[in-house]
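Okay, so here's the structure we're looking at.
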Amino acid sequence: MVHLAGSFSGIEIARRSLDAHRTALDVTGHNIANANTPGYSRQIASMSPTRAYPVPGYGSPNTAGQVGTGVEVTRIERMKDSFIEERIWEENQVTGRWSEREDALEQIELIFNEPSESGIRSAMDQYWEALQELTKRPDDLAARAVVAERASVLADTLQQTRLQLTQYQSDLDRSVMVKVREVNSLATQIADLNDQIARITVSGGRPNDLYDQRDLLVARLSRLVDADVSTGSQGMINIALGGVSLVSGNRASQLRAEPDGDRAGRVSIEWEWTGEQAVITNGELKGILEIRDQDLNYYITALDSMALTLIEETNRVHREGYGLDGFNGRNFWEPVDTSVEPPYGQAAARIRVSDEIRSDLNKIAASASGLPGDGSNALRLAELKQARLVDGTATLSDEYASLIASLGVASQEAKTMVDNQETLLNHLEDLGGAVSGVSLDEEVANMIQYQHAYNAAARLMTTMDEMLDVLINRTGIVGR
Amino acid sequence: MRVTNGTLVRHSVNNLNDSLERLDELNRRISTGKTISTPSDDPAGAATSLRLRSSLAEVQQYTRNVEDSISWLNATDSALGEATAVLQRARELAVQGANGTVPDDAREAIALEIDELIDHLVQVGNTFHDGRYLFGGQDTVTRPFQTTGSPAVTGVVYNGGTEPIVTEIGAGIRMEMDFSGDQVLVGSIETLIKLRDDLRAGNTAELSGTDLGALEDALDTVLYYRAEAGAKINRLERTLSRFQDLELNVNTLISENEDVDMAKAIMDLKTEENIYRAALSSSARIIQPSLLDFLK
């Protein structure tokens, strides 16, 4: 059998091995360098044997069989489980939404500051107490002063709480604008990466690191909104938001957050090019919008409703009673016009003791008969505490306690959801990490392996070299 | 499952953080002594807390109302005691004066003393206690008893209110705190006036007949109201005692609902501290070594 691969083919085999193992070492080095890079997926130099010789064909020589010709790195593989990555993106959306809810509800709990001795409950109880004292000393100016004072404190507490809630709505608006800018920025960057990836893919390359970077951006985006990712051509991806395209190949749409006159100046999110409302159903933005538009409005409305009930019922009883000047028909609280801001007239913001009463405490109608020592109307006012004023079934105190309980439940729910999501995300990251994570031990072991192979290849080359030396310089020189 | 260094570190950090979260919560509980700091710690407990604190405020207010009522009724009882003494003296004098053998000037002396007794009784009727007239009903600013006639009193007019002062001593439970003068004392005063007039006139038949009878009736009336006052005071004192128990119970409930079991919390803290230290030690051991340490 003739050795047909040519005299120098051994050197070529050695050279190919040196080449391949150098490449492999480079890849290992790249992995080790990026062991802590966020979003990095480890890479593997895929080696396969080069085509054996001879190639089967009509004119091929008759030899003992296929002879191998060495090794080459066919491609550099990126180890990534896309399915797990996509699951992570989905769960990020849920986590984002509940995480914003958790933070916001905690904030609302702090605003209400219950249970405590400085919240609305305490102010209300002290107001009822002052009325009870007035019952016993209806003609005592000091007792009247205390009633007016405690009523003012109650009004202030209600107003202050409501104000903090509405201010929080404004703060959330700012948060919305910041996050919309982030979404826009991420969309632009992703489109940009799409562009670069397409160029490289078209010319046959595998832009592994660019894929990693893009995945990282999509993960951040999915935390903010419910980004719907689909594969495009040439390695690009498309992202849709609420059915409208956010990223299409190398083009990114932009969102706009504008104060909306229709919704009391609250910021609403629109697509910049069409002006249509953006539909966002998950992610941090959804969480913020939910809190701002639903939860906070619920608590503000509840306060308004309670305040209005207190004002109207107190005034009703107060008008039937007489002040020390012998006149009846007066209001205790300034009446609230509910036609201006239906249905409760922002009562918790407007509640205050009437100017008439504040200027002359004698006008507080403690008497039912007109006699100064008659405190029975004050008693009727005090008994409103136990009266089922809310829908005929609950007292004001019950209604408030129930409001606080529902706040507690909502907040607790958000915390539980966030905890659960974090556990789930941790698990998914573990699964992802099992595929993509760099294990330094592994890389070091590979390094040793490649190093040995490299050394052996170098040794092979030396051997071939010496053999050729014998052939070229020392063969056929007998008698020289 | 393939575990990388990154995974190890992430797990360690997460677990350490979880432990710190628990330590933080235990620290908060021990520092504040409260299990419920926000409604989300225990929503039902928070609602209960609001209700209990509201109840406590109510009980304390009713207690004050009852104490005020007792004070008022005690003053009433004292005044009625004085009135009783006056009427008893009047009866002694009436018996003396009814005796036909008493000379005119002696009867005149008795009549003068009756004048004094009338003034005294009017004064009792006009007792001013704690900023109000004791027997004026709801008209607390007008002097209830106004006498007519000078220098000798010939009649008395009651100018006070007729409706009693009412206080709440429990949820929806009202109690009348006073008696108005027209029921209690007008009759007595008028009886004394007639007695004095009869003494001056020497109507011994009247004196020993209708006048003495009227005096007995007057004494009975005052005694009746004194007994009423006494009965109300008894009821109020029992109520007060009940409220004291109730206040204690509500405070106990509040404590059970909101307060931390210190002993348990401290034990939990020590346990969690140990867990944290163990986690730190364990994490340190596993995240440091790698294959590089062992290769030549």
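The values are calculated or read from the model by the stated rules, or taken from the named source; none is laboratory data. None of these values were measured; they are calculated from a predicted model. We place every Cβ from the backbone using ideal geometry, glycine too, and count neighbours over all the protein chains shown. Keep in mind that these areas ignore ligands, DNA and RNA; they rest on the heavy atoms of the full protein, side chains included. Shrake-Rupley method; radii C 1.70, N 1.55, O 1.52, S 1.80 Å.
Structural remarks
- For chain B, the relative contact order is 29 percent, taking Cα pairs closer than 8 Å that sit 6 or more residues apart in sequence and dividing their mean separation by the residue count.
- Note on residue B:235 and residue A:427: with the Förster distance fixed at 60 Å, the Cβ-Cβ geometry gives a FRET efficiency of about 0.30.
- Rounded to the nearest angstrom and listed largest first, the equivalent-ellipsoid semi-axes of region B:1-128 from its Cα gyration tensor are 87, 10, 9.
- Among complete DSSP H helices in chain A, those whose alpha-carbon atoms stretch at least 24 Å along the helix's long axis and whose mean Kyte-Doolittle hydropathy reaches -0.5 are A:9-33, A:141-202, A:208-224, A:296-320, A:396-436, A:440-474.
- Put simply, the amide H of residue B:165, placed in the peptide plane, has neighbours under 5 Å in B:177, B:178, leaving out anything fewer than 5 places away on its chain.
- Between the beta carbons of residue B:210 and residue B:123, assuming R0 = 30 Å, the FRET efficiency works out to 0.70 to the nearest 0.05.
- With the convex hull drawn around the C-alpha atoms of region A:101-225, the volume per residue stands at 91 Å³.
- In whole percents, the pair-distance distribution calculated for region A:232-391 from its alpha-carbon pairs, binned every 5 Å from zero, is 2, 8, 12, 13, 11, 9, 7, 6, 6, 6, 5, 5, 4, 3, 2, 1, 1, 0, 0.
- Using heavy atoms of the protein chains and a probe of 1.4 Å, the accessible area assigned to residue A:334 is about 50 Å².
- Annotation for region A:103-151: chymotrypsin sites (Phe, Trp or Tyr not before Pro) lying in DSSP loop with at most 12 further Cβ atoms inside 10 Å of their Cβ do not exist.
- Difference of contour (0.36 nm per residue) and Cα-Cα distance, residue A:320 to residue A:248: 18.8 nm
- Carbon and sulfur %, accessible surface of the protein assembly as shown computed with the full protein complex present, 1.4 Å: 51
- Distance between the pseudo-spin-label points of residue B:220 and residue A:449 (7 Å out from Cα toward the beta carbon): 12.1 nm.
- Long-range Cα-Cα pairs in region A:57-134 (distance over 18 Å), rounded percent: 76
- For residue A:267, residues with placed amide H under 5 Å, excluding near neighbours: A:260
- Working from label points 7 Å from Cα in the Cα-to-Cβ sense, the residue A:270 to residue B:31 distance is 4.8 nm.
- Neighbours of residue B:214 by Cβ distance under 9 Å: Lys/Arg scored +1, Asp/Glu scored -1, total -3.
- Radius of gyration over Kirkwood radius for region A:284-361, both on Cα atoms: the Rg/Rh ratio is 1.18.
- Accessible heavy-atom area order of A:340, A:478, highest first, probe of 1.4 Å: A:478, A:340
- Taking one quarter of the surface of the C-alpha convex hull of region B:225-296 gives a mean projected area of 6.5 nm².
- Using the alpha-carbon positions of region A:217-307, Rg (one decimal) and Dmax (whole number) come out as 16.4, 63 Å.
- Annotation: per residue accessible area for chain A equals 47 Å², rounded to a whole number [probe 1.4 Å, protein chains only].
- Equivalent ellipsoid, region A:126-165 (semi-axes from 5 times Cα gyration tensor eigenvalues, Å): 25, 8, 4
- More than 24 Å apart - percent of Cα-Cα pairs taken over region A:1-158: 70
- The relative contact order of chain A, computed from alpha carbon pairs under 8 Å that lie at least 6 residues apart in sequence, is 22 percent.
- Accessible surface, region B:120-239, averaged per residue in Å² (probe 1.4 Å): 43
- Averaged over A:414-422, number of beta-carbon atoms from partner chains that fall within 10 Å: 1
- Accessible-area order (highest first, 1.4 angstrom probe) of the listed residues B:11, A:318, A:21: B:11, A:21, A:318
- Here the Karplus curve 6.51 cos²θ - 1.76 cosθ + 1.60, taken at θ = phi - 60°, turns the phi angles of region B:202-209 into couplings of x, 7, 5, 4, 4, 4, 7, x Hz, with x standing for Gly and Pro.
- Karplus-based coupling profile of region B:231-239, in residue order and whole Hz: 5, 4, 4, 4, 4, 5, 5, 5, 4, with θ = phi - 60° in 6.51 cos²θ - 1.76 cosθ + 1.60 and x standing for Gly or Pro.
- Distance from the C-alpha centroid of region A:280-298 to that of region A:175-248: 25 Å, rounded to the whole angstrom.
- Chymotrypsin sites (Phe, Trp or Tyr not before Pro) restricted to region A:52-108 and DSSP loop, no more than 16 other C-beta within 10 Å: A:58
- Heavy atoms of residue A:316 accessible to a 1.4 Å probe, total area in Å² rounded to 10: 100
- Here the Karplus curve 6.51 cos²θ - 1.76 cosθ + 1.60, taken at θ = phi - 60°, turns the phi angles of region B:84-92 into couplings of 4, 4, 4, 5, 5, 5, 4, 5, 3 Hz, with x standing for Gly and Pro.
- Using alpha-carbon coordinates, inclination of helix B:186-201 to the longest axis of chain B, degrees: 20
- Calculated diffusion of region A:114-186, Stokes-Einstein form, Kirkwood radius summed over Cα pairs, 25 °C and 0.890 mPa s, µm²/s: 164
- Taking a quarter of the surface of the Cα convex hull of the protein assembly as shown gives a mean projected area of 53.5 nm².
- Region A:37-71 and region B:132-174 have Cα centres spaced 120 Å apart.
- Rg over Rh, two decimals, chain B (C-alpha only, Kirkwood Rh): 1.50
- Amide H contacts of residue A:245: none lie under 5 Å away among residues 5 or more positions distant or on a separate chain (H built 1.01 Å from N in the peptide plane; Pro and chain starts excluded).
- Annotation: residue B:180 carries an accessible surface of approximately 10 Å², with a 1.4 Å probe and no ligand, DNA or RNA atoms counted.
- Over the protein assembly as shown, DSSP H runs of length four or greater, each weighted -39,500 (n - 2.57), average out per residue to a 222 nm ellipticity of -21500 deg cm²/dmol.
- Spin-label model distance (nm) - residue A:301 vs residue B:102, 7 Å beyond Cα toward Cβ: 8.5
- Förster radius 22 Å - calculated FRET efficiency between residue A:69 and residue A:46, Cβ distance, rounded to 0.05: 0.80
- Calculated from the alpha-carbon coordinates, region A:333-470 shows an Rg and a Dmax of 40.9, 136 Å respectively.
- Our estimate of slack between residue B:67 and residue B:18, defined as 0.36 nm per intervening residue step minus the Cα-Cα distance, is 12.2 nm.
- Histogram of C-alpha separations across region B:64-107, 10 Å bin width, %: 25, 27, 20, 15, 10, 3
- Going by accessible surface with a 1.4 Å probe and the largest first, A:454, A:298, B:276 read A:298, A:454, B:276.
- Computed over every Cα-Cα pair of region A:144-301 and binned at 5 Å starting from 0, the pair-distance distribution P(r) comes out as 2, 8, 15, 17, 13, 10, 8, 7, 5, 4, 3, 2, 2, 1, 1, 0, 0, 0 percent.
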